[in-house]
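Each value in this text was obtained by applying a stated rule to the coordinates, not by laboratory testing. The model shown is predicted, which means the values in this text are computed figures rather than measured ones. Here Cβ is always computed from backbone atoms with ideal geometry, including for glycine, and neighbour counts include all displayed protein chains.
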Amino acid sequence: MQTAGGPPPPSLGRDAAMQYAAWFRALAEPTRIEIVSLLARRQEPMTVGQIVGAAHVGQSTVSQHLKVLAEVRFVLVERRGTAHYYRLNEACVDGFPTAADLVVGNHPPAPAGLSQPACDPPANRPAPAGGAGGIAIRPLEPADAGQVLAIYQAGLDTGQASFETQAPSWEEFDAGKLPGHRHVAVAADSGAVLGWAAVSAVSGRCVYAGVVEHSVYVDPASQRRGSGFTLLRALIGSTEAAGIWTIQSGIFPENSASLRLHERAGFRAVGIRKRIGRHHGRWRDVVLMERRSPVTGQD
Ligand SMILES: CC(C)(COP(=O)(O)OP(=O)(O)OC[C@H]1O[C@@H](n2cnc3c(N)ncnc32)[C@H](O)[C@@H]1OP(=O)(O)O)[C@@H](O)C(=O)NCCC(=O)NCCS
């Protein structure tokens, strides 16, 4: 659908389609719709007990539904003392109608300032005037090797990204990363590679066939513009579509940018692996972060 006389709407793209499908799936349940509606109308954080009282369903059912809604970040959880409070993610209030508009080909309204964790993948928001800062996601190609490995090395040089100190050759990189889940973020105007994300298998055992370990690296000159978040969204979309149920990564506790990015993208800290490996001769801890898909591997 298109407004007569206006420029054609941007194409939706496979990654966005998969992301929106995950949102719609999360909402495709009447009790979850009731919970979202309740939180929207109440306009203040509620405990599970308050939601149970208002929704007239059992506590374990409410908790289960809140978990699914939190995974796609429709609902945010905050801790006050020993209690957990649930509230609607205001960014989703903007982002969800935007998703619906994009699906049917309407130009979406520009989302109002998103101070909350975003529901709307930045890559699918309208690019700012002039295109500067616009980010697009596309598959990582062999021709990107030079830029990808340079960005990798810049991340390793921070000393906070990985135990590795030297970026691999393209052949080693290519051999270690699963096809179908290698993405680059590129500047929409120049096509320059801003960052990349890719996954490796964690095990050859079939019980772990749906578990992968990922890496995400963004050019230092392009950080804090949404590339990392957009890349993780793309990774979540492609892995869920391929039946992968868990994405994990070990992150140094000092890498607060990566920890925060992953929290925002729906990952949780499993725990801290103490003095797990030596880096430049020093034993270091690693925070194991994981995202268990709320839609894949549910049978
Ligand atoms: C971690 C990294 C990938 C983040 O990429 P990015 O494109 O800068 O991240 P985004 O712009 O998408 O940021 C998304 C959110 O992550 C968090 N974040 C990102 N950088 C941050 C920083 N320096 N400090 C605190 N929070 C940060 C914020 O919550 C941010 O949202 P906001 O900007 O709305 O507050 C990037 O810093 C990087 O490449 N670092 C070096 C390599 C590395 O450490 N990779 C991870 C290995 S585990």
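Dividing the alpha-carbon radius of gyration of region 162-277 by 2.2 N^0.38 Å (N being the number of residues), what value is obtained?
Scaled against compact globular proteins, the figure is 1.08.
What residues qualify as long-range amide H neighbours of Phe252, i.e. H under 5 Å apart, gap of 5 or more or another chain, H built at 1.01 Å from N?
Residues meeting the criterion, in which the H sits 1.01 Å from N, are Val287.
Count neighbours as other Cβ atoms within 10 Å of each site's Cβ, and list the trypsin sites (Lys or Arg not before Pro) in region 224-270 that are DSSP loop with at most 10 such neighbours.
Listed in order of number, the matching sites are Arg224.
Provide the per-residue ³J(HN,Hα) series for region 256-266, in order, calculated from phi with Karplus coefficients 6.51, -1.76, 1.60 and θ = phi - 60°, each as a whole number of Hz, with x at glycine and proline positions.
Per-residue couplings from phi come out as 5, 4, 6, 4, 5, 4, 5, 4, 5, 8, x Hz.
Based on the mean of other Cβ atoms within 10 Å per residue, sort peptides 134-140, 33-39 so the most packed one is first.
Top of the packing list down: 134-140, 33-39.
Counting Lys +1, Arg +1, Asp -1, Glu -1, what net charge surrounds Arg80 among other residues with beta carbon under 15 Å of its beta carbon?
Computed value for this residue: 0.
Check Arg182: other-chain or 5+ apart residues with amide H under 5 Å from its amide H, H built from backbone geometry?
Here Leu140 satisfy the definition.
Give me a comma-separated list of calculated 3J(HN,Hα) values for region 284-296, in order, Karplus coefficients 6.51, -1.76, 1.60 applied at θ = phi - 60°, integers in Hz, x for any Gly or Pro.
10, 7, 9, 8, 7, 10, 9, 10, 8, 5, x, 10, 9
Output the peptides 196-202, 182-188 sorted from most to least packed, where packing is the average of other Cβ atoms within 10 Å over each peptide's residues.
182-188, 196-202
Among 285-294, 40-49, how do they line up from the highest to the lowest mean number of other beta-carbon atoms within 10 Å?
Going by the mean number of other Cβ atoms within 10 Å, highest first, we get 285-294, 40-49.
From the phi angles alone, apply the Karplus equation (6.51, -1.76, 1.60; θ = phi - 60°) to region 57-73 and give each ³J(HN,Hα) in whole Hz, x where the residue is Gly or Pro.
Each residue's phi maps through the Karplus curve to give 10, x, 4, 5, 5, 4, 4, 5, 5, 5, 5, 4, 5, 5, 4, 9, 6 Hz.
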